[in-house]
Amino acid sequence: MGSIQAGFSMSLDGFIADENNDASRVFAWMTMGSTKVKVSSGEKDYDLKMSEKGAERFEQAPKTIGAIISGRGMFDTAHAWGGKHPMGVPVVILTHTIPREWTSSPSFTFVTDGFDAALAKAREIAGDKTIAVGGADITRQFLKAGLLDEIGIELVPVLLGKGVRLFEYLGIEPIELECTNATRAPGVVHMNFKVVK
């Protein structure tokens, strides 16, 4: 069984999107480098320009990730990634209601039976590969349940002041983290943390 990881681009004051749920400012680092990275979603292909290190991180992820668990909020905000997640891996969507227009999509599996059922489905799909967790609320649920193994943060040097916080309302005892990587690149510091258990 693979590990469970979360990864986010985040402002220095802890926001992963602004108050309008726009994440373009925290993803700006993906266009500040000199290494071209081709990304494909359901709607179109597009080129990004990252640092060499950023491109390496971005391109390595789909090789190790077997499934992504996402909440419905992130799914809707991303407009279902145009029908296919940019990483090209299956996505398990935890939701109360299944959107009719996506019921036959091979890219998405909808789970309405709660957190444990979504995790079981993702484990079934991922096999021995990593499960990635997407969305602030889902990430907090995994942290509270003691299931998250690693957190990757692309720390962007900007203070958004308000918006969607990643680690808000945890309401638990402090969680110790061990920094396993910190690498500077144009417009971002790539960081990895192991959750100490």
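Here, each number is a calculation from the coordinates, and none is a lab measurement. Please read all numbers here as calculations on a predicted model, not as lab measurements. Glycine gets a Cβ as well: all are built from the backbone with ideal geometry, and neighbour counts include every protein chain shown.
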Among 57, 123, 25: highest mean-square fluctuation, GNM of the chain, C-alpha pairs under 10 Å: 57
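In the structure displayed, which of 38/144; 84/194; 63/162; 49/129 lie more than 32 Å apart, Cα to Cα?
The answer is 38/144; 63/162.
Given only helices, namely DSSP H runs of n ≥ 4 each adding -39500 (n - 2.57), what is the per-residue ellipticity at 222 nm of the chain, to the nearest 500 deg cm²/dmol? Walk me through the numbers on the way to the answer.
On the way: 4 runs with 40 residues, N = 197.
Taking each H run of at least 4 residues, the total per residue is -6000 deg cm²/dmol.
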Computed FRET value (nearest 0.05) for residue 197 with residue 36, which takes r as the C-beta separation and R₀ as 35 Å: 0.35
Antiparallel %, DSSP beta bridges [both residues in the chain], to 5: 50
